[in-house]
1. Look through the range 87-114, keep the residues that are aromatic (F, W, Y) and touching a His at 6+ places or on another chain (Cβ under 9 Å), and return whichever of them is surrounded by the fewest Cβ atoms within 10 Å (Cβ to Cβ).
2. Based on this model, can you work out whether I113 counts as within 23 Å of the chain's Cα centre (by Cα) and over 20 Å from T154 (Cβ atoms)?
3. Here is a list: Y152, Y120, Y164. Which entry is hydroxyl-bearing (S, T, Y), on the phi < 0 side of the Ramachandran plot and within 14 Å of the chain's Cα centre (by Cα)?
4. Just name the residue that is surrounded by the fewest Cβ atoms within 10 Å (Cβ to Cβ) out of those in the range 115-149 that are farther than 22 Å from N91 by Cα and basic (K, R).
5. Going through Y120, Y88 one at a time, which residue ends up being over 22 Å from S67 (Cα atoms) and among the aromatic types (F, W, Y)?
6. Restricting attention to the range 51-89, which residues are of a type in the set (S, T, Y) and part of a strand (DSSP E or B)?
7. How many of the residues making up the range 82-109 are polar (S, T, N, Q) and more than 16 Å from D131 (Cβ to Cβ)?
Amino acid sequence: MTKTGAKAAGALVLALAVGGAAHAATSSGGAARAANVSPSAPITGTNLVSDGDFNSPYGGTSFTTYSAGQSFGPWTVTSGSVDLIGGYWQNTPVGDGSVDVDGNAPGAFDQSINTGTGKYTLTFDLSGNPDGPPLTKGLQVSVGGVTKTFTYTTGTNTHANMMYTPESFTFSAKGPTTLTFTSLDQPGSPYGPVVADVSITAGAVPEPASWALMLLGLGAMGAAIRSYRRTTELARA
């Protein structure tokens, strides 16, 4: 094969590989598609939650209780009461505050989120107040018309090691929405699920099948480059 023929063949295979990777990235519903669905869609990676680390205001050396109708920063308590945790127990994995969704009793709190049109991913860290029952804490999370239920079982976590677990799910929005955390514990419980490190970013997490397509595309790209180099070396010999 001539040098020109080798280059043409290598370029064709490379183009096909790049095209496969691009198709996989687009079909995953990631940043490229999210950025084009609406001029109002935010930049991927920007956290749309205000005070998702629960530091403004600070919960104090122990904690501060807020009841229905009261606000702490951009968050509003909508039922029962919640405890804004300062130094009462271990900071979160990134060193921030947290909220026990059972204050004097099970509660709920929310925040309006300025979403645009597109897919979004909500992430947060979850633990449970280790001071008392119930052993398993229940939490309901609602945003963008999607409601999910989470549980956290205490018994091994302590004030010194809250053993936070990361949680996440995706949702779609067509405009501003409201993010709500609600305790599912029984009435009268002061020891609830603990929420921390809340974030909402544009774009959905790619599904496993999409990741597989992307990896196949990148693998084909690497094979094409290696084949092109070998063909070029043979043509030069």
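The values are calculated or read from the model by the stated rules, or taken from the named source; none is laboratory data. Because the structure is a prediction, the values reported are computed rather than measured. Cβ placement follows ideal geometry from the backbone for every residue including glycine, while neighbour counts extend to all protein chains displayed.
1. Y88
2. yes
3. Criteria check complete, one pass: Y120.
4. Step by step, filter the range 115-149, then rank; the result is K148.
5. Y120
6. Within the range 51-89, T64, T65, Y66, S67, S71, T76, T78, S79, S81 meet the criteria.
7. Selection size over the range 82-109: 2.
The rows are residues; the columns are (1) at pLDDT 95 or above; (2) not assigned by TED's automatic domain parsing to the domain that holds G144.
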{"position": "T44", "(1), (2)": "no, yes"}
{"position": "D83", "(1), (2)": "yes, no"}
{"position": "G87", "(1), (2)": "yes, no"}
{"position": "T92", "(1), (2)": "no, no"}
{"position": "G103", "(1), (2)": "yes, no"}
{"position": "G107", "(1), (2)": "yes, no"}
{"position": "K119", "(1), (2)": "yes, no"}
{"position": "P133", "(1), (2)": "yes, no"}
